[in-house]
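The values are calculated or read from the model by the stated rules, or taken from the named source; none is laboratory data. Quantities reported herein were computed from a predicted structural model and do not represent experimental measurements. Note that we place each Cβ from the backbone using ideal geometry, even for glycine, and neighbour counts take in every protein chain shown.
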Amino acid sequence: MPPGPLSARIPLPGVQTSSESRIQQLLDDFGPRLQAGETLRNARKQQAGPARQASGIPAIDELLDGGFPRGELSEIAGPASSGRTSLLLSLLATTTRGRPSTGSGAELAALVDTPDAFDPPSARAAGVDLRRILWARVRPWSEAMRCTERLLETEGLPLVVLDLDQSGGPSPRTRSEPPIPRSAWTRLARRAAASRTALVVLGEQRRAGEQARVALELQPARARFTGFPPLLEEIETRALLVRAPGAGRHRSVSVRLGSASQDVKSPG
C-alpha cells in the first residue's frame, strides 16, 4: 500500500482521548523532521524580503509576488467549484515535492481539515507527497483553531493550511456555533509571525478580516465536465487579489485549474 499522510481524527469534547494528546501524537510521529526546523532557520537567514510559499501555478504566484508569504496569515476564499481544491493541491504538491528549477527542496506541510474533505488518492494524483503531509481532521472550529495554534508553535512546518470550508453544508453543531472571534485570528497571526510559517486559510468567504495580510478571492467563470457520469475536469476562474501589503489596487488574473491545464488567460 502506498504511504499516506499522517492522519488523526481529533475527537469532539467529551471523548476520552483529548484533542491536545492527539495533536501531540501527530507531532511526535513526525519526529526529527519537525525538530530540525531547517526550513525555518534558512528562511530567517534571508535578508532580501519575506520568503514565499509558491503555489505552483505561475499566474497565481506572479499575482502574489512569488507566493504566499511566510510569517503571515493569508486567505483563499471562493464558492464551490471556484478552484479552491485545485489551488490547495497545487500548493501542497509544490511544498512537499519542491521545485528543482528554482533550487527549492521538498518540505513538510500540515492540513487542518474541518470539512473532512481531503482525499489522499486525488492529492497523490496531483503530485502531493503524502509522506510529508500531517493531516488533522478536526471539528468544530474552536478545536480546529486550537489545533492550528498548536501546529504553529512547532518548528519545521513552513506551511500550515486551515480549511474551514462549509460548501458541503454545515452540520447542526456547526450552525449553532458562534462566529470566530477576532482574538482567535489575532493569536494565529502572531503565532505564524513568530514561527515564520505561511498560514493559509480556506473557506467560502473571508473570515480573518484585517488579520489576513493577503486575501485572494476566486470567482468561477466556467467549468468543463467530461464522461458519464459527468466529472469535473477543468475550472476557469478569476483570482482577485483583494488584500496584500503595499497593494494600491485590486489585481486579478484569469486561470484554468484542473487536470488539463493551469495557465493564464488574461491579466486584470
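Please find, within the range 166-202, the residue that is farthest from S55 (Cα to Cα) out of those that are at pLDDT below 95 and of a type in the set (V, I, T). Ranking the candidates gives T174 first.
Taking the numbered list (1) surrounded by fewer than 16 Cβ atoms within 10 Å (Cβ to Cβ); (2) at pLDDT 90 or above in turn, D163 passes all entries but (1).
Output yes when any residue across the range 219-239 is at pLDDT 80 or above, farther than 19 Å from S86 by Cα and surrounded by fewer than 17 Cβ atoms within 10 Å (Cβ to Cβ), and no when none is. No, there is no match, as no residue in the range 219-239 is at pLDDT 80 or above, farther than 19 Å from S86 by Cα and surrounded by fewer than 17 Cβ atoms within 10 Å (Cβ to Cβ). Scanning the range 81-97 for residues that are within 16 Å of the chain's Cα centre (by Cα) and either assigned to a loop (DSSP other than H, G, I, E, B) or touching a residue at least 60 places away in the same chain (Cβ under 8 Å) (or both) yields S82, G83, R84, S86, L87, L88, S90, L91, L92, T95. Per this entry, R206 is counted among residues that are part of a loop (DSSP other than H, G, I, E, B) and either within 19 Å of P69 (Cβ to Cβ) or modelled with pLDDT of 90 or more (or both).
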